[in-house]
Amino acid sequence: MAFFEIKANGHYKRQLLTIRAAIIFFIVWLISDRFYIDNKAFAPLLAILCSFSSFITKPLHGFSKVFIPKFILVLGAPVCLLAVEILNNTNPFFDLSVTQCFFNLVWYYLVFGLLALAFGKIKPSCVISTVFFTVIGVINHYVLEFRGRVIFPCDIFAWKTALNVSDNFDFTPDITMIGACLFTFAYLFLVLLLPHEPKAKRPKKQISLAICAISIVYMAAFFNTNMMKSFGIYSQQWKTQSNGFVLNFTVSLKYSMVNEPENYSNKAILNIIENTEPVTSDNNPQPVHIIAIMNESFADFSEYDVPYSADPTPFLHSLSENTIKGTMYSPVTGGGTANVEFEFLTGNSITFLPANSVAYQLYLKNNTPSLVSQLKSLGYSSVAYHPYKSSGWNRTSVYKWLGFDKQMYQEDTIDPYYIRGYISDQSDYENLYYLTDNAGDEPLFIFNVTMQNHSGYKLPWTNLDRSVWLTGDMENRYLDADQYFSLMRESDNALRNLISHYSNTDVPTMIIFFGDHQPPLTNSFYEEITGISMDNRNTSEVLKQYTTPFFIWTNYDIEEKQDVILSPWGLGVLAMKTANIELTGYQEFLYSLMNELPVITPAGYISANGEVFSSETFFPITRSYEFLIYNFLFDDERQDNFFFLE
């Protein structure tokens, strides 16, 4: 530390301090500008921060003894904001408004200030606060890289799911992470240069109480009033970095608290029930076996201008006999499988739940109405099968609450065959054959969530042929997309074998097949195949990224349909109606809703005549739907006779 010890006094000392600061400034600027070129503001800011170290001499005397430690404390919040936003792939100088920066800084200063009050010392409070925000920023950076969105409150409850698949991602620090950590390391170096604090020093009791009171009032106003709305700040769902990480997380936390809808009442619910028109199921044979397959990341990119070497899903496109098929608009894209399950099995759209919440983690409980309880009342036994770890998305509890008789996971898979470390679709379906063969003529409902196509798509090509790839100008530029489309070909081959198997059985069987969401390929890939910047899309263009294919197939005669559009909450209703299964009162309401608005997602609505609306658009029937969802999930006086078969 000899470089930082200047024993000269007076004017000569000030000159040496200034020269030393200038030397540090230019050395750090040159080095950081050479190796960190993504953000031009980074180099001079890091250089300024490092040059501050020149003015922390030991011991500190007079005014500097009071001013410099407090200045370092005040500097901590802006440094952490900048570091976290660098990790958030956001430039706060250009991407955030003054208002957004201000409300972000409030949260940073709350943490720094309250810890300073608690410890009565500047050094430990600065170190703990900085390490805390840096660790959160790094975790958020990985989530952003792997999932294409920032951390939301619901992700806290999904940590087991994240750990389950963590081995399949690359955690090598990138240049963005290195740059952000340089900022925090430089700041921590300044903190550690401060002299030792032998005693805790806190403001007067009245000042401390005033600071605590102001903090409590602010948080109460933040979470319990429309203060943020008045400043035009909402939870961002499309470009999730827009508010800045800490502000967006806390705003999303506010919206995770579910309140009773405006004008909601028991009388309103009874009125909706009374006015629901009865619906007659189709006059088809009733299947003995009903198999619902939600295929991980299964998507059809034929609507995009993608230069394939070959069609990834030729069998899917050829399927037409005894088939109802079309496009399902998922409530999520790139991830969030559990919310698609939730919509399909319960009939409830997540559109009317807090943004980015996960119902499986937060809202379900024992004896929840579902397709499972409906079919159980008609004599069907039920199996939930997911060939992966059981800890993901709270499934072991949720499947029990929904009424499944049996749950199966990767350890229950017979003779598993792996592709890229995940059980293949073909191996998955062979276990379905085993279940239905054992059931014989006994009614059976299987809900199967596959795993083969799970991200990431830069894994080794273990047991996977490079059967489909991008050509032309895109060739060899998106290797993750090449792997994904090759996986689609494997899924399509397994699908052909699945349909062939059940075509040759005499037991009446229905297969409901749908992808849960599109894959989390890079934004640059989507921008290239659409020709549109992700930030400049309209509702119709955004909805395109939420599409997946679906079909309902039977091994007996049904009326065939093409180009049907719906959402997961409607797919279950259509399947039960096609299967000649008695509908619940709720499903009868949903059927009438489908005839008016077949697509309802957080990204937008589509009417029966194809007109696109934003999700902010009001329809009387969506208000009724919102009321019923609240009654279904949260009201202690749930109308069970409407949601269950009598």
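Things worth noting here:
- Which of THR471, ILE512, PHE485, positive extreme of dipole for region 439-518 (C-beta unit charges): THR471
- Per residue, in Å², the accessible surface of region 444-540 once ligands and nucleic acids are set aside, probe 1.4 Å: 38 Å²
- Region 198-220 versus region 402-442: alpha-carbon centroid distance in Å: 59 Å
- Surface accessible to a 1.4 Å probe, per residue, for the residues of region 267-402, Å²: 33 Å²
- Pairwise Cα distances in the chain exceed 45 Å for 29 percent of all pairs.
- Annotation: amide H-H contacts under 5 Å for GLY604 (H modelled 1.01 Å from N, sequence separation of 5 or more, or interchain): SER615.
- Remark: relative contact order (the chain) = 18 percent; criterion is Cα-Cα distance under 8 angstrom and separation of 6 or more residues.
- Carbon + sulfur, % of accessible area of the chain - ligands and nucleic acids excluded, 1.4 Å: 56 percent
- Most to least packed among 208-217, 178-187 [average Cβ atoms within 10 Å]: 178-187, 208-217
- Derived scalar couplings between HN and Hα for region 315-322 equal 5, 3, 5, 8, 5, 8, 5, 6 Hz in order, rounded to whole Hz, by the Karplus curve 6.51 cos²θ - 1.76 cosθ + 1.60 (θ = phi - 60°), x for Gly and Pro.
- Each residue of region 185-200 was assigned a 3J(HN,Hα) from its phi angle through the Karplus expression (A = 6.51, B = -1.76, C = 1.60, θ = phi - 60°), giving 5, 4, 5, 4, 4, 4, 4, 5, 6, 5, x, 4, 9, x, 10, 6 Hz with x at Gly and Pro.
- Near GLU490: Cβ cut-off under 9 Å, other residues only, Lys/Arg at +1 and Asp/Glu at -1. The net charge is -2.
- Remark on ILE293: its backbone amide H falls under 5 Å from those of ASN448, ILE512, PHE513, PHE514, a criterion applied only to residues 5 or more positions apart or on other chains, H modelled at 1.01 Å from N.
- Look at the alpha carbon pairs under 8 Å that are at least 6 residues apart: their mean separation over the length of region 362-491 gives a relative contact order of 25 percent.
- Signed unit charges on C-beta, dipole axis of the chain, positive-most listed residue VAL79, LEU364, PRO278: VAL79
- Accessible surface calculations at 1.4 Å, restricted to protein heavy atoms, place region 549-602 at 29 Å² per residue.
- Rounded, prolate or oblate (a/c below 1.5 giving rounded, otherwise prolate when a/b exceeds b/c) for region 557-631 by Cα gyration tensor: oblate
- Each of PHE315, ASN431, VAL217 was placed along the dipole of the chain (beta-carbon charges, centred on the mean Cα), and the one lying farthest toward the positive end is VAL217.
- Rounded to whole Hz, the Karplus (6.51, -1.76, 1.60) HN-Hα couplings of region 432-443, x for glycine and proline: 5, 4, 4, 5, 6, 5, 5, 6, x, 8, 7, x
The values are calculated or read from the model by the stated rules, or taken from the named source; none is laboratory data. The model shown is predicted, which means the values in this text are computed figures rather than measured ones. Using ideal geometry, Cβ is built from the backbone for each residue, glycine included, and neighbour counts are taken over all protein chains shown. Surface areas here come from the heavy atoms of the whole protein model, side chains and all, with no ligands, DNA or RNA. Shrake-Rupley method; radii C 1.70, N 1.55, O 1.52, S 1.80 Å.
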